[in-house]
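The values are calculated or read from the model by the stated rules, or taken from the named source; none is laboratory data. Since we're looking at a predicted model, the values are computed, not measured. Reconstructed Cβ throughout: ideal geometry from the backbone, glycine too, with neighbour counts over all protein chains shown. What goes into the accessible areas is simple: the full protein's heavy atoms, side chains included, and nothing from ligands, DNA or RNA. Shrake-Rupley method; radii C 1.70, N 1.55, O 1.52, S 1.80 Å.
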Amino acid sequence: MRLLAERRPDVQARPDALRSPPLGADLGLLLLRLTVGLLMAGHGAQKLFGFYDGYGLGGTGRAFASLGFHPGRFYAGLAGASEFLGGLGLAAGLFTPLAAAAVIGVMINAMILGVPHGLWTTDGGIEYPLCLGAAALAIAAIGPGRFALDRPFRWRDGGLGCAAFALGVGGLGAALIQLLGL
């Protein structure tokens, strides 16, 4: 390792490479986590509890059944719990890769439903779930930042492993829902 450092003077010349990210980066991550996480938790609360003018489990279950997910109430509860718990996890920066996986899984299924309508949300397309899923994946890849409950855990710094976990588990969950729900 010493030989590598000797050959790469840029590593020796950059003592900031070992410093923590600037405060602005951590505040930006906090803003992103709170925005995406609390919006997702709100969507979950609409489905589960009827908060924020939502339909609750009964109404959302009927909507899921009309989309072909049977039993609709079960799949509405699963989607609502994934959004609610995944959103709260992202907002708090707690179990971030798992929280991101929950959000990504729900957003993949939302995108599958929206693909026939194109990209834009005004036409019922995938724009909104694509943005939320990408933001959740980015948070898993970057890590939740210093203002997170994940600070004591090894996944606090994110990385490709955390991103692969979030995308893989979210994708598998979405695939299972598509296979079993329809």
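Hey, which of the helices (runs of 4 or more DSSP H) in the stretch 73-182, taking only ones fully inside, have at least 2 residues that are surrounded by fewer than 19 Cβ atoms within 10 Å (Cβ to Cβ), in contact with a Ser or Thr (Cβ under 9 Å, 6 or more places away or on another chain) and not small (Gly, Ala, Ser)?
Once the helices (runs of 4 or more DSSP H) in the stretch 73-182 are filtered for at least 2 residues that are surrounded by fewer than 19 Cβ atoms within 10 Å (Cβ to Cβ), in contact with a Ser or Thr (Cβ under 9 Å, 6 or more places away or on another chain) and not small (Gly, Ala, Ser), what remains is 127-142.
Somewhere in the stretch 60-76, is a residue under 19 Å from the mean Cα position of the chain (by Cα) and either of a type in the set (D, E, K, R) or over 15 Å from Ile177 (Cβ atoms) (or both)?
Among the residues of the stretch 60-76, not one is under 19 Å from the mean Cα position of the chain (by Cα) and either of a type in the set (D, E, K, R) or over 15 Å from Ile177 (Cβ atoms) (or both), which makes the answer no.
Could you tell me which residue of the stretch 18-33 is surrounded by the most Cβ atoms within 10 Å (Cβ to Cβ), considering only residues that are over 16 Å from the mean Cα position of the chain (by Cα) and either among the charged types (D, E, K, R) or assigned to a helix (DSSP H, G or I) (or both)?
Asp26
Among residues belonging to the stretch 85-123 that are touching a residue at least 24 places away in the same chain (Cβ under 8 Å) and touching a Phe, Trp or Tyr at 6+ places or on another chain (Cβ under 6 Å), point out the one that is farthest from Arg33 (Cα to Cα).
Pro97
Out of Phe69, Phe51, I need the residue that is open to solvent by 20 Å² or more (accessible area, probe 1.4 Å) and out of contact with any Cys (no Cβ under 9 Å at 6 or more places or on another chain). Which one? First the steps, then the outcome.
Numbers: Phe69 fails: open to solvent by 20 Å² or more (accessible area, probe 1.4 Å).
One residue alone meets the criteria, Phe51.
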